[in-house]
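Student: One structure is given below, represented as structure tokens, and several questions about it will come after.
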Amino acid sequence: MRNRLRLSLVALATAAVTALTTGPAPAAATDTGHLTGTLADGATWIADVPADWNGTLLLFSHGFGPLVARDAPTDAVRTELLREGYALAGSSYDPNGSMWALNSAERDQFATLDAVTARIGAPRRTLAVGTSMGGLVNARIARDGTGRVDGALGLCGLVAGGTDLDNYQLDAEYTLARLLLPEQQVKLVRFTSADEAAGTAQRLTAAVTAAQSTPQGRARIALAAAFLNLPTWAPGRTAPAPTDWAGQQEQQYAWFANGILSFVEGGRYAVEQSVGGNNSWNRGVDYARLLAGSAHAPQVRALYRAAGLDLDADLDALTTGASVTADPAAVHTAARTSTAYPGPAVPLLDVHTTADNLVPVEQERRFADRVQAAGRGALLRQAYVERQGHCTFTTAETVAALHALEHRVTTGSWAAATPAALQRSATASGLDGAAYVPYRPARLTVGRDRPDHT
């Protein structure tokens, strides 16, 4: 009798510890398999629920592009997460709006959460996940989702926000237009159609292609690349040496040649549609000061010297000619819809590649500085993968990051989110390799600390 009592007490204690560390058991799933639905604004949602659901629901926010519902970053990641027992859900966002869907995305994601849990039952734990533009949506969910999500994982997230994005891209576009097409009028903002934006991208890309044939042109391309925060390591290449200035510029040119300006201009048109006008400006920007704050400044200076060009003269011309002003209402709308300030209210782990051509890794530094200043730094951790390209994570890296976030939510410790711990976890999975490294991004070259757009 005494032994049976002792065993019963041990069982009760074990159950109590389990409840404290994992939370209540999930409600039994009333629906499993592939589920779909439609929200009030016309957004569609999908969910995939395994029969052996582990009680965790992942709410996935997709990136910039067609407004189609997705619930995982890649098919391979979906397959692995379902194998591990996670339920997955995500929405298209409002299909009637701009592809820069920040006006509706957060609302639609929370509505998706409600719709899915009504079908499958309440999860034990809900984690938000987002990639690229969806990384910004994800950061907003981490800010606003207390009581609805327990933590968030951002992948290649556009966390500096829409106005910083448009401003540093404007600096690069303006530099190319002013220095490579000095006798031409090139429209850079307030596009009236996607075709007009595409026309600007074609003109600037053609100018870059022609300029690459001369030392002077290459120096000016490097200047624009510095303002674009463009990495010096391109796909399929070996990273150039730290002082291989020509090799760095050649790889930056490869990004231009691969069509980055088409993405930039198309994105600008979508942002302008979403916020109701132009939310970027360069009037009052000191381009010499802007370059001085760039990690690429030594490269630019070396290439200008080698080309026999006067860098100060070019920077003066840029500063003197800078005349683009923003639409105040658009700046206000972007501040309301397209930032994640002041930072997360639940644990947020952000992961970024070190050579991201579309969402520069320097955005993470800009975001971290803001979160720290707002007193929320303990809730944010950032990790880095040594690789070229945007969102080019392996399945192993993605799943390891998710497990590290879960460890933080369960224990309160970020110990599983160190570079070494993430690398061990990803490698041990036996999936498809990993390249987590210690890394600290440079500061984002944007040169605007307040909306001085008038």
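The values are calculated or read from the model by the stated rules, or taken from the named source; none is laboratory data. Everything quoted here is computed from the prediction, not taken from an experiment. With ideal geometry, Cβ positions are generated from the backbone for all residues, glycine too; neighbour counts draw on all protein chains shown. Calculation scope for accessible area: heavy atoms of the full protein, side chains included, ligands and nucleic acids excluded. Shrake-Rupley method; radii C 1.70, N 1.55, O 1.52, S 1.80 Å.
Student: Read through the list (1) small (Gly, Ala, Ser); (2) assigned to a strand (DSSP E or B); (3) touching a Gly at 6+ places or on another chain (Cβ under 7 Å), then give the number of the only condition that ALA89 fails.
Tutor: (3)
Student: Within the range 11-33, can one find any residue that is touching a strand residue (DSSP E or B) at 6+ places or on another chain (Cβ under 8 Å), open to solvent by 50 Å² or more (accessible area, probe 1.4 Å) and at pLDDT 95 or above?
Tutor: So far as the range 11-33 goes, no, none of its residues is touching a strand residue (DSSP E or B) at 6+ places or on another chain (Cβ under 8 Å), open to solvent by 50 Å² or more (accessible area, probe 1.4 Å) and at pLDDT 95 or above.
Student: Which one of these is crowded, with 21+ Cβ neighbours inside 10 Å and under 29 Å from ASP195 (Cα atoms): ASP356, ASP327?
Tutor: ASP356 is the lone residue from the list that is crowded, with 21+ Cβ neighbours inside 10 Å and under 29 Å from ASP195 (Cα atoms).
Student: Could you tell me whether any residue of the range 359-377 is modelled with pLDDT of 95 or more, of a type in the set (Lys, Arg) and in a loop (DSSP other than H, G, I, E, B)?
Tutor: Yes, that holds for at least one residue.
Student: Right, THR394: surrounded by 16 or more Cβ atoms within 10 Å (Cβ to Cβ) and in contact with a Gly (Cβ under 8 Å, 6 or more places away or on another chain) or not?
Tutor: yes
Student: Would you confirm, using the coordinates I've provided, whether GLN382 is assigned to a helix (DSSP H, G or I) and open to solvent by 30 Å² or more (accessible area, probe 1.4 Å)?
Tutor: no
Student: Still on this structure, please answer the following. Could you list, in sequence order, the residues of the range 401-443 that are free of Cβ contacts under 8 Å to residues at least 40 places away in the same chain and over 20 Å from ALA378 (Cα atoms)?
Tutor: GLN423, ARG424, SER425, ALA426, THR427, ALA428, SER429, GLY430, GLY433
Student: Could you say which residue among THR395, THR418 is among the β-branched types (Val, Ile, Thr) and over 22 Å from PRO73 (Cα atoms)?
Tutor: THR418
Student: Right, another one. Cβ-Cβ under 7 Å, sequence separation 6+ or interchain: first residue in the range 364-377 and closer than 18 Å to VAL446 by Cβ, partner of a type in the set (Val, Ile, Thr). Which pairs?
Tutor: Cβ pairs passing all conditions: GLU364/VAL159; PHE367/VAL159.
Student: Which residue out of ALA383, ALA378, ALA421 is out of contact with any strand residue (DSSP E or B) (no Cβ under 9 Å at 6 or more places or on another chain) and not polar (S, T, N, Q)?
Tutor: Checking each option against the conditions leaves just ALA378.
Student: Just to verify a result, which residue in the range 413-429, among those that are open to solvent by 50 Å² or more (accessible area, probe 1.4 Å) and assigned to a loop (DSSP other than H, G, I, E, B), is modelled with the highest pLDDT?
Tutor: Selected residue: THR418.
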